[in-house]
Protein chains: 2
Amino acid sequence: MTVTVPAAGSRALPHPVREDIRLEGVLHALSDPLRLQIVRRLAEAGRELSCSCFDLPVSKSTTTHHFRVLREAGVIWQVYRGTAKMNDVRRDDLDTLFPGLIDSVLDAAARQAARTATG
Amino acid sequence: MTVTVPAAGSRALPHPVREDIRLEGVLHALSDPLRLQIVRRLAEAGRELSCSCFDLPVSKSTTTHHFRVLREAGVIWQVYRGTAKMNDVRRDDLDTLFPGLIDSVLDAAARQAARTATG
DNA sequence: GCCGTACTATGACGACTATCGTACTAGCTT
DNA sequence: AAGCTAGTACGATAGTCGTCATAGTACGGC
């Protein structure tokens with residue numbers, strides 16, 4: 001798979017280029033409750049968030065794992081800023097490839113959360 | 001999990017009731033290439049199709065397995081008609097729970113297929 | 001009743017997944 | 001330089017998943 005080339009000396013991370021993002025991979029990445037929750041919070045924030053500001057009920061290494069799955073599926077973009085690793089939803093790429101998909105999933109997740117809370 | 005009760009003497013199959021359909025389960029069910037293909041053909045047909053009219057590149061038991069995953073996730077409805085087992089997308093339930101989701105996924109799948117074919 | 005068609009159930013197998021703990025690295029702060 | 005913070009790499013483990021083959025069940029037609 002083609003990936004972006006890390007600049008020499010930096011700590012850039014490998015991401016799939018837009019054309020290599022697969023629908024099946026995106027759906028699989030979003031089918032895990034924890035990862036769906038991560039993407040929801042990221043989308044809600046509308047800006048970069050560090051891994052550490054998510055208080056997930058799993059260990060640090062498991063957290064790292066889930067963020068990597070999301071990055072490798074093309075759902076999020078990750079970049080180092082000092083010791084922190086910032087995360088952002090790949091809105092432009094995803095909306096170009098699959099118009100409306102992310103919005104539908106986020107809306108569905110919000111509805112389900114509301115349903116669970118009130119029901 | 002609550003399921004529909006098979007009528008006595010029939011061969012009705014257990015389906016989750018609408019309220020028990022989980023977004024994560026739906027996304028997971030759709031994240032397999034074969035299952036996504038099944039749902040696409042079913043949606044395209046717009047009517048019930050038997051399992052046997054899908055010519056999937058896997059064995060019969062694997063085919064059965066994939067249809068069951070789709071049914072248990074709440075994506076399709078299955079009913080026996082004689083020896084045939086008919087399948088249909090659970091449009092009403094899915095569109096009520098997650099408006100626009102299935103359409104977005106189907107549209108995304110169609111775009112990806114077109115991209116792959118021409119690219 | 002017997003046969004064919006359509007699908008299931010069971011058990012197996014290899015691959016992948018989610019999880020963890022421990023040990024480690026990179027960068028900031030003092 | 002020393003220490004703290006954020007995150008990684010590695011190995012282990014238990015569980016799930018996709019696949020198959022074999023043997024079996026349910027229904028319709030002859």
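Quick note: the coordinates plus some simple rules give every number you see, no bench work behind them. Here the structure is a predicted model, which is why all the values come from computation and not from measurement. In this analysis, Cβ positions are derived from the backbone assuming ideal geometry, glycine residues included, and neighbour counts consider all displayed protein chains.
Please compute the net charge surrounding residue A:88, taking Lys and Arg as +1 and Asp and Glu as -1 over other residues with Cβ under 14 Å from its Cβ.
Numbers: positive: A:40, A:41, A:47, A:71, A:81, A:85, A:90, A:91; negative: A:44, A:48, A:92, A:93, A:95.
Every neighbour counted, the sum reads +3.
Using the Kirkwood radius over C-alpha pairs as Rh, can you work out the diffusion coefficient of chain B via Stokes-Einstein at 37 °C, viscosity 0.692 mPa s, in µm² per second? Mind showing how you got there, number by number?
On the way: Rh = 14.9 Å.
Diffusion coefficient, whole number: 220 µm²/s.
Net charge near residue A:36, counting Lys/Arg +1 and Asp/Glu -1 over other residues with Cβ under 11 Å of its Cβ?
Numbers: positive: A:35, A:40, A:41, B:22; negative: A:32, B:24.
My count for the surroundings of residue A:36 gives +2.
Quick query: amide H of residue B:86 versus all other amide H atoms, modeled in the peptide plane; which residues come in under 5 Å with a sequence gap of 5 or more or a different chain?
HN-HN under 5 Å from residue B:86: B:79, B:80, B:81.
Could you pull out every one of the lysines with an alpha carbon less than 22 Å from that of residue B:85, ignoring same-chain neighbours closer than 8 positions?
Once the sequence-local lysines are set aside, what remains near residue B:85 is B:60.
Name the residues of the stretch A:69-87 whose amide N is less than 19 Å from a point 7 angstrom out from the Cα of residue A:47 along the C-beta direction?
Backbone N within reach: A:77-87.
How charged is the neighbourhood of residue A:104? Take every other residue with its Cβ under 10 Å from the Cβ of residue A:104, and add Lys/Arg as +1 and Asp/Glu as -1. Write down the numbers at each step before the final one.
Working: positive: none; negative: A:103, A:107, B:103, B:107.
Residues near residue A:104 contribute -4 overall.
From the label point of residue B:32, set 7 Å along Cα to the beta carbon, how far off in nm is each other copy's matching point, shortest first?
Spelled out, the distances from residue B:32's label point are 1.9 nm.
Determine the dipole magnitude for chain A: charges of +1 sit on the beta-carbon of Lys and Arg, -1 on that of Asp and Glu, nothing else is charged, the reference point is the Cα centre, and the result goes in debye to the nearest 20. Show your work: numbers first, answer last.
Numbers: 16 positive and 14 negative charges, 83 e Å.
Computed charge dipole of chain A: roughly 400 debye.
Restricting to DSSP H runs of at least four residues, report the calculated mean residue ellipticity at 222 nm for chain A, -39500 (n - 2.57) per run over all residues, nearest 500 deg cm²/dmol. Each step should come with its number before you reach the end.
Details: 5 runs with 60 residues, N = 119.
About -15500 deg cm²/dmol.
Calculate the length of the line joining the C-alpha centroid of the stretch B:69-119 to that of the stretch A:36-63, in whole Å.
30
Output the Kirkwood hydrodynamic radius of the protein assembly as shown, Cα pairs only, in Å rounded to one decimal.
Working: mean 1/r = 0.0517 Å⁻¹.
Over the protein assembly as shown, the inverse of the mean reciprocal pair distance is 19.3 Å.
Just to confirm the filter: which trypsin sites (Lys or Arg not before Pro) across the stretch A:17-91 are DSSP coil and have at most 13 other Cβ within 10 angstrom of their Cβ? Walk me through the numbers before you get to the answer.
On the way: sites: A:18, A:22, A:35, A:40, A:41, A:47, A:60, A:68, A:71, A:81, A:85, A:90, A:91; in loops: A:22, A:47, A:90.
Filter output for the stretch A:17-91: A:47.
For peptide B:92-102, compute the average count of partner chain beta-carbon atoms within 10 Å of each residue's beta-carbon.
Values: counts 0, 0, 1, 0, 1, 4, 7, 4, 7, 9, 2.
That average works out to 3.
Could you tell me the ratio Rg/Rh of the stretch B:56-119? Both radii from Cα atoms, Rh via Kirkwood. Could you put the intermediate results ahead of the total?
Working: Rg = 14.5 Å, Rh = 13.7 Å.
Reported Rg/Rh (Cα atoms, Kirkwood Rh): 1.06.
Which distances, in nm and shortest first, link the residue B:12 label point to the same label point in every other copy, taking 7 Å along Cα→Cβ?
Spacings between copies for this position, smallest first, are 5.9 nm.
In nm to one decimal, list the spacings between the residue B:52 label point and its equivalents in the other copies, with label points set 7 Å along Cα to Cβ, shortest first.
Counterpart label points of residue B:52 in the remaining copies fall at 6.3 nm.
Could you derive backbone 3J(HN,Hα) for the stretch A:21-28 from the dihedral phi with the Karplus parameters 6.51, -1.76 and 1.60 (θ = phi - 60°), listing whole Hz in sequence and x where the residue is Gly or Pro?
Per-residue couplings from phi come out as 6, 9, 4, 4, x, 5, 4, 5 Hz.
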